[in-house]
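Notes for the one structure printed next.
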Amino acid sequence: MTHLDSPFLNLSHPIPFDSFTTEHVVHHITQLLEEAKRDLETIETTSEVTYETVLDQLDRLGENLESCLTVYSQLESLLGTTELREAMREAQPQVSAFYATIPFSKALYQKIKSLAESGSVSSRSPSEKRYLEQTLLSFQRNGAEAPAETKSRLEAIERELAELTMSFAKNVVEETDEFEWLCTDKGRLAGLPDSAIASAAQSAQGKKLDGYRFTLQGPSYIAIMTYCDDRSIREYFYRAYSTRACNTKRDNQSLIQAILNLRQEKASLLGYQDVSDLLLASRMVKNGTKAQSFVDELIEKTIPFSQKEHAALIHFAQVHLNWSEELLPWDLSYIAEKQKKVECGFDAEVLKPYFEVQSVMQGMFKIVEHLYEVQINPLTDLSTWHADVMTFALKEKGQTIGVFYADLFPREGKQGGAWMCPLLYKNESQPHVGLICANFTPPVDGVSLITHREVETLFHEFGHLLHHLLTTATIRSQAGTNVAWDFVELPSQIMENWCWEREALDIFARHYQSGEAMPDELFEQLKNTQQFRMASGQMRQLTFAEIDLKLHREYQFDQDGPVLAYARQYMNQRSTTPLPEDYAMIAGFTHLFASSTGYAAAYYSYKWAEVLDADAFTRFKQEGIFSAKIGKEFRDKLLSLGDSQDPAQLFENFMGREPSTDALFKRLGLVS
Ligand SMILES: [Zn+2]
């Protein structure tokens with residue numbers, strides 16, 4: 001097969017992962033880019049201005065390119081081979097450059113504007129009208145009405161942002177991969193659970209090394225920080241993690257400063273006071289001031305509770321651990337875990353035998369099958385990118401409406417964390433297709449026991465997946481997870497609620513050997529943890545949200561100096577323990593700096609969505625957590641509609657009122 005007739009040029013279900021080679025990546029992307037450019041030109045030059053010839057075509061513009069690019073960049077994250085990374089790095093800039101030109105196309109803007117002015121859209125559906133309105137606004141927010149000189153500067157800014165943010169992301173990945181700590185003296189690993197030690201031994205064997213290999217990847221890092229008795233090892237890992245990518249070889253501080261400058265310049269050119277106002281105009285929150293007051297209000301309400309929690313932690317350390325020194329950042333998780341064990345009677349490890357990943361997944365499927373009256377079945381004939389990957393079909397009344405891949409364990413080169421990615425959208429001949437990824441504790445002897453937190457992660461990503469697979473929005477730009485950033489976490493976070501309900505746990509949390517349900521005593525202990533140190537957790541998230549808004553609303557290099565020190569100073573004020581002088585968390589803050597926009601000025605969205613999810617779940621609580629009636633309402637009024645209506649409206653349609661923060665504070669036990 002030559003690269004000219006490759007299925008990757010016109011991707012459809014099933015995606016031929018088994019015929020993927022890195023060799024043609026650049027060719028494919030270049031070729032599809034040419035196709036997209038021609039399609040854009042067709043819209044720009046059409047003499048017939050109708051919804052079909054302009055907006056419909058715009059919605060479909062670059063569909064092949066996008067699918068191909070999505071699959072390739074997912075493979076880059078999943079395989080992490082140097083060749084693919086390099087190919088993507090070669091191909092990406094021209095693609096970003098193309099997408100960056102679309103919002104600046106004068107000809108395209110004129111067509112859309114004349115369509116809007118023609119009045120011919122008055123008979124279109126509300127979602128089509130919304131699409132037109134949103135498209136016009138997004139052009140205007142890119143300077144469609146600005147002078148030519150401003151426009152060309154805006155275009156240049158977008159191009160630079162795409163490059164700088166890609167370098168930022170690459171630095172973080174490489175720096176994380178580069179770190180390893182090989183321990184040959186098992187005595188130094190005192191405190192660590194057997195499972196973590198076994199994983200470290202396996203990791204060393206994989207590298208043909210003796211001993212135990214620990215890294216900065218999620219499971220390994222968290223195990224050290226939570227359990228390792230040797231304080232100096234915890235400190236070593238903490239410092240390595242919180243100073244990633246801020247050295248002369250990989251200098252993310254300079255990149256952040258340049259990125260922030262460009263974003264601010266863009267906001268000013270468009271007449272916005274700051275980056276937050278520009279970026280939040282199309283979000284549920286609408287502007288930076290509202291986001292700021294949301295964060296401020298939550299911080300104020302949370303601080304008294306988090307101070308109380310910290311005092312309790314110190315007291316615990318003194319009484320139970322004979323602690324006499326000052327608490328430092330690398331002590332918090334470690335002591336908190338011990339406190340949790342004593343006060344909640346909880347040990348995350350003791351629960352793990354109830355969370356065998358396959359059973360958890362089957363149970364999760366069962367719950368979703370109840371709620372949304374669908375069926376989920378394994379598929380056996382789909383090709384994938386690795387033997388670990390599982391494949392499934394989501395069916396309704398016997399018809400396949402979605403297909404998905406699940407890649408749940410870490411591998412060398414695979415990106416850390418957990419995520420969902422939509423791969424293909426439904427059309428006449430194919431269902432929606434998506435994938436979920438995680439980096440759970442890898443199976444030992446074929447059995448993977450995960451923590452309750454990891455169970456929540458699985459439910460979370462599955463919530464994102466359902467948002468994609470169940471969408472009925474027919475305009476691609478409005479489908480599934482193509483919604484405002486501060487709304488996109490509602491469908492995922494609401495799923496986590498089921499991880500805390502007895503009836504739900506009885507379905508998916510069964511002992512992997514005996515098959516028994518979780519004993520009442522363990523369940524009580526788990527429930528205790530739901531409100532354990534929650535104010536501290538919330539303050540951590542709010543600190544990230546606060547620094548994000550500071551960076552995108554106030555920070556200026558001339559007056560505030562180097563950005564790492566600036567951020568550290570503010571984060572230190574919110575921290576209960578003094579942060580190290582070289583603390584540089586934001587140098588690894590991919591949410592804010594790994595893509596042109598990402599979560600910039602929008603980290604508050606996590607808390608915002610938590611407010612929404614806690615609030616929305618109260619309806620399930622009232623009428624039964626497996627209620628197909630509420631499930632149907634949630635699906636029909638909110639989940640399936642994507643961005644076809646204003647998110648604030650969708651929420652109100654489901655709840656019958658505006659969101660309230662009460663349910664969240666109540667869930668966290670933060671009520672006096
Ligand atoms: Zn999420």
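The C-beta contact set for segment 93-122 (first residue over 25 Å from residue 27 (Cα atoms), second residue of a type in the set (Lys, Arg) and in a helix (DSSP H, G or I), distance under 7 angstrom, 6+ apart or interchain) comprises 104/151; 121/129. Whether a residue is within 20 Å of residue 83 (Cα to Cα) and either in contact (Cβ under 8 Å) with a residue 60 or more places away in the chain or β-branched (Val, Ile, Thr) (or both) was assessed, and residue 59 does not pass this test.
Residue 325 meets the conditions (1) in the same structural domain as residue 438 (by TED's automatic domain parsing); (2) part of a loop (DSSP other than H, G, I, E, B) in every case but one. The failed one is (1). Taking residues in segment 645-672 that are in contact (Cβ under 8 Å) with a residue 24 or more places away in the chain, and partners anywhere that are hydroxyl-bearing (Ser, Thr, Tyr) and open to solvent by less than 10 Å² (accessible area, probe 1.4 Å), the pairs with Cβ atoms closer than 7 Å and at least 6 places apart or on different chains are 670/302. When segment 309-323 is limited to residues that are surrounded by 13 or more Cβ atoms within 10 Å (Cβ to Cβ) and more than 21 Å from residue 230 (Cα to Cα), the one that is farthest from the chain's Cα centre (by Cα) turns out to be 312.
Each row is one residue, and each column tells you yes or no for (1) closer than 30 Å to residue 659 by Cα; (2) open to solvent by 30 Å² or more (accessible area, probe 1.4 Å); (3) away from the ligand (no atom under 16 Å from the Cβ).
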{"site": "492", "(1), (2), (3)": "yes, no, no"}
{"site": "512", "(1), (2), (3)": "no, yes, yes"}
{"site": "516", "(1), (2), (3)": "no, yes, yes"}
{"site": "528", "(1), (2), (3)": "yes, yes, yes"}
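The residues of segment 212-244 that are assigned to a loop (DSSP other than H, G, I, E, B) and buried (at least 18 other Cβ atoms within 10 Å of the Cβ), listed by number, are 215, 216, 217, 228, 243, 244.
Within segment 554-576, the residues that satisfy the criterion of being closer than 26 Å to residue 608 by Cα and part of a loop (DSSP other than H, G, I, E, B) are 554, 555, 575, 576. Whether any residue in segment 468-483 is open to solvent by less than 20 Å² (accessible area, probe 1.4 Å) and either within 11 Å of the ligand (Cβ to nearest atom) or of a type in the set (Asp, Glu) (or both) is what I want to check. The answer is no; no qualifying residue exists. The criterion of being basic (Lys, Arg) and touching an Asp or Glu at 6+ places or on another chain (Cβ under 8 Å) holds for residue 85.
Between 354, 372, the distinction of being out of contact with any Asp or Glu (no Cβ under 7 Å at 6 or more places or on another chain), open to solvent by less than 40 Å² (accessible area, probe 1.4 Å) and farther than 30 Å from residue 237 by Cβ belongs to 372 only. Would you call residue 21 more than 17 Å from residue 101 (Cα to Cα), exposed (fewer than 14 other Cβ atoms within 10 Å of the Cβ) and assigned by TED's automatic domain parsing to the domain that holds residue 92? Judged against the criteria, residue 21 is a match. For residue 12, the criteria (1) under 25 Å from residue 100 (Cβ atoms); (2) polar (S, T, N, Q); (3) open to solvent by 40 Å² or more (accessible area, probe 1.4 Å); (4) within 26 Å of the chain's Cα centre (by Cα) hold in every case but one, which is (1).
Every test in (1) closer than 29 Å to residue 235 by Cα; (2) part of a loop (DSSP other than H, G, I, E, B); (3) touching a residue at least 40 places away in the same chain (Cβ under 8 Å) is passed by residue 581 save one, and that test is (3).
Flag not set for residue 612, criterion: in contact with a Ser or Thr (Cβ under 8 Å, 6 or more places away or on another chain) and over 30 Å from residue 239 (Cα atoms).
Condition (residue is modelled with pLDDT under 95 and among the aromatic types (Phe, Trp, Tyr)) applied to segment 67-86: is it met by at least one residue? Checked against the condition, which is being modelled with pLDDT under 95 and among the aromatic types (Phe, Trp, Tyr), segment 67-86 yields no hits at all.
In segment 415-438, which residues are polar (S, T, N, Q) and within 15 Å of residue 67 (Cα to Cα)? Talk me through it step by step, then tell me what you get.
Taking segment 415-438 first, the residues polar (S, T, N, Q) are 415, 427, 429-430.
If the condition is that a residue be polar (S, T, N, Q) and within 15 Å of residue 67 (Cα to Cα), then 427, 430 are the ones that fit.
The values are calculated or read from the model by the stated rules, or taken from the named source; none is laboratory data. Keep in mind the model is a prediction, meaning the values are calculated, not measured. Quick reminder, even Gly has a Cβ in these numbers, built from the backbone with ideal geometry, and neighbours come from all protein chains shown. Side chains are part of the model used for accessible areas, which takes the heavy atoms of the whole protein and leaves out ligands, DNA and RNA. Shrake-Rupley method; radii C 1.70, N 1.55, O 1.52, S 1.80 Å.
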